[in-house]
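Participant: One structure, pasted below without further comment.
Nothing in this text is a laboratory measurement; each read-out follows from the coordinates by a stated rule. This structure is a prediction, so every number in the text was calculated from the model and none was measured. Here Cβ is always computed from backbone atoms with ideal geometry, including for glycine, and neighbour counts include all displayed protein chains.
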Amino acid sequence: MYQFYKKKKKILVFIIIIVGFIFVFLDKIFQDHNPSCTVLYISIFYFTSISLGTLFFLGVQNISKSGWSVIIHPIMEEISSFIPYGCFMILIFLLLNAMDIVHIFHWMNSDLYNPISLKYDKIIANKKLFLNIPFFLIRSTIYVLLYSFFYLNIKKLSYKLYISYSLSDYKKLYNRSVIFVIFFSIISIFMIWDWIMSLNPHWFSTLFSWYVLSSFIITGISTITIVAIYLNNIGHFPLFNKNHLHDLSKYLFSGSLLWTYLWFSQFLLYWYGNIPEEIIYFIKREEIYNSIHFWMLIPNFLIPFFGLISSKSKSNYKIVFLVSLILLIGHYIDIYNLIAPDINSGVEFCIFEIIGFLLIIGGGFIYILFSNFNKRKFDSSTSEGNPFFQESKNYKYPYM
């Protein structure tokens, strides 16, 4: 059995994390202008969103009874393994903010609700029924507990199915996936309102949650693709071939189009309406980051569009790997752009700190992912118990 986590690989991951701390330290020495907690929060949210998007994609595959994807289900399950850790770290951030130790969520300042205070904000005060610390923390705790429950339950049922080969276990997995997809489609809207949109309580968008959710899905599929190609490249995932890669590429291609459609829909409505309370969202980002809101269309739309529009390109390992990596970078910029400008008066784009926290949290993400592969004794036949395994094993895209 191939061991993912030999001693050398463990050392490499720890080196990545240590290098991340060095980058953060260098940033504090040469560019001490941002509170580190902001970029740390963005990095944690980013990797958590990858895991959430992956679990959602897995749920969709289960309830649609897609045969082609069965051999990569174990990869999806293990990429989702960061959910309990990431959600717990976010919850810690929210608690620290509620205790006035960290200052990310501006609306948690009690003076904003006091009519006799000089900081009184009528707009925020009118939202007190929803934006109040106890209710906010209760909602967030529910998100964390339920996301973790569904992840652990779906993974447990999948593992049981892979051993038992039982149709009754498959039906349980199917039913649980249906419940999760319905739950996630609804509850993620509130989570995104709470964990991102409430950073600027003066602004709101009815499209915002769907826009962010599309980013979750794309980063999840990109990570699935990168991991699958890597495992195949080291000879540990031989059943994965160009036919499966082609279908993953189609999801990447269509997902980037969906994200772009929602991006354009939101921008077009605000530009057409020209309402000051709404367009401030774009104006602020244009002033702080020199119109990065438009520049990020290059990695998130143009490159995947032209890179994957050809059927031949969709089955090219190198092209798909590169496009997936670019999408991960592009959507980190998107998440950064969603969060950073709304904290205090805006957070400057500091490359040392960004790379540092990406390496720290990303190193932890990789450690958890491949440690779980090891514990599971993962190989290409792990999903044999699924009734669609043979279909996935022999899958051929009809037009290749």
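Participant: For the cross-link pairs Lys155/Lys250; Lys9/Lys375; Lys172/Lys393, which exceed 18 Å when the distance is taken from alpha carbon to alpha carbon?
Facilitator: The answer is Lys155/Lys250; Lys172/Lys393.
Participant: Based on the Kirkwood radius over alpha-carbon pairs, what is the Stokes-Einstein translational diffusion coefficient of region 7-393 at 4 °C with 1.567 mPa s viscosity, in µm²/s?
Facilitator: The Stokes-Einstein estimate is 59 µm²/s.
Participant: Add -39500 (n - 2.57) for each DSSP H run of 4 or more in the chain, then divide by its residues: what number comes out at 222 nm, to the nearest 500 deg cm²/dmol?
Facilitator: -23500 deg cm²/dmol
Participant: Pick out, from Ser324, Leu112, Phe130, the residue whose Cα sits farthest towards the positive end of the charge dipole of the chain, with +1 on the Cβ of Lys and Arg and -1 on the Cβ of Asp and Glu.
Facilitator: Toward the positive end, the furthest listed residue is Ser324.
Participant: At 7 Å along the Cα-to-beta-carbon direction for both Tyr230 and Phe204, put a label point, then send me their distance in nm to one decimal.
Facilitator: Spacing of the two 7 Å Cα→Cβ label points: 4.1 nm.
Participant: Further, regarding this structure: What aspartates and glutamates sit close enough to Lys122 to cross-link, taking a C-alpha to C-alpha distance under 13 Å and skipping anything fewer than 8 places away on the same chain?
Facilitator: Asp111
Participant: What helices does the chain hold that run 30 Å or longer along their axis, going by alpha-carbon atoms, with a Kyte-Doolittle average of -1.0 or more, using DSSP H for the helix calls?
Facilitator: 7-30, 36-63, 133-164, 167-195, 208-233, 242-273, 317-339, 351-376
Participant: State to the nearest 20 debye the size of the charge dipole of region 7-393 about its Cα centre, where the only charges are +1 on K and R beta carbons and -1 on D and E beta carbons.
Facilitator: 1500 debye
Participant: Anyone know which of Asp111, Asp247, Asp169 comes out most mobile in the 10 Å Cα GNM of the chain?
Facilitator: Result for the chain, Cα springs under 10 Å: Asp111 fluctuates most.
Participant: So, in nm, how far is label Gln390 from label Glu287 when the simple model puts each one 7 Å beyond its Cα toward the Cβ?
Facilitator: Placing both labels 7 Å along Cα→Cβ, they lie 6.6 nm apart.
Participant: At a threshold of 8 angstrom on Cα-Cα distance, excluding pairs fewer than six apart, so keeping six or more, what relative contact order does the chain reach in percent?
Facilitator: It rounds to 34 percent for the chain.
Participant: Under a straight-distance cross-link criterion of Cα-Cα below 27 Å, which lysines are reachable from Lys28, leaving out those fewer than 8 residues away in the same chain?
Facilitator: Within the straight-line cut-off, Lys28 pairs with Lys284.
Participant: Dipole of region 214-352, Cα-centred, from +1 at each Lys and Arg C-beta and -1 at each Asp and Glu C-beta, to the nearest 20 debye?
Facilitator: That gives a dipole near 800 debye.
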